[in-house]
Amino acid sequence: MENDDIVCNCMQITKGEIIEAIKAGNLKTIEDIGDETEAGTVCGSCHDDIEDIITEVVR
Ligand code: FES
């Protein structure tokens, strides 16, 4: 997945935006990311992808 790929279709949030939010806010959970970016706050089908990004960035 590239940084400009949309992760959350409901809110049109890209992988890059999620990575930036994680780094800027030291975010650790999907809830944190939802509060910060609104990604994952609608249908929830992107939660697995968001989890993968958290793992990738925090690792
Ligand atoms: S695709 Fe992210 S909440 Fe629906």
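Quick note: the coordinates plus some simple rules give every number you see, no bench work behind them. Computed from a predicted structure; not experimentally measured. Note that we place each Cβ from the backbone using ideal geometry, even for glycine, and neighbour counts take in every protein chain shown.
Annotation: peptides 36-44, 18-26, ranked by per-residue average of other Cβ atoms within 10 Å with the highest first, follow the order 36-44, 18-26. Judged by a Cβ-Cβ distance under 4.7 Å, the unpaired cysteines of the chain are Cys10, Cys43. When restricted to Cα atoms, the chain yields an Rg and a Dmax of 9.7, 27 Å, respectively. Once backbone amide H atoms are built at 1.01 Å from N, Ile13 has Val7, Cys8 as its partners under 5 Å, excluding neighbours fewer than 5 places away on the same chain.
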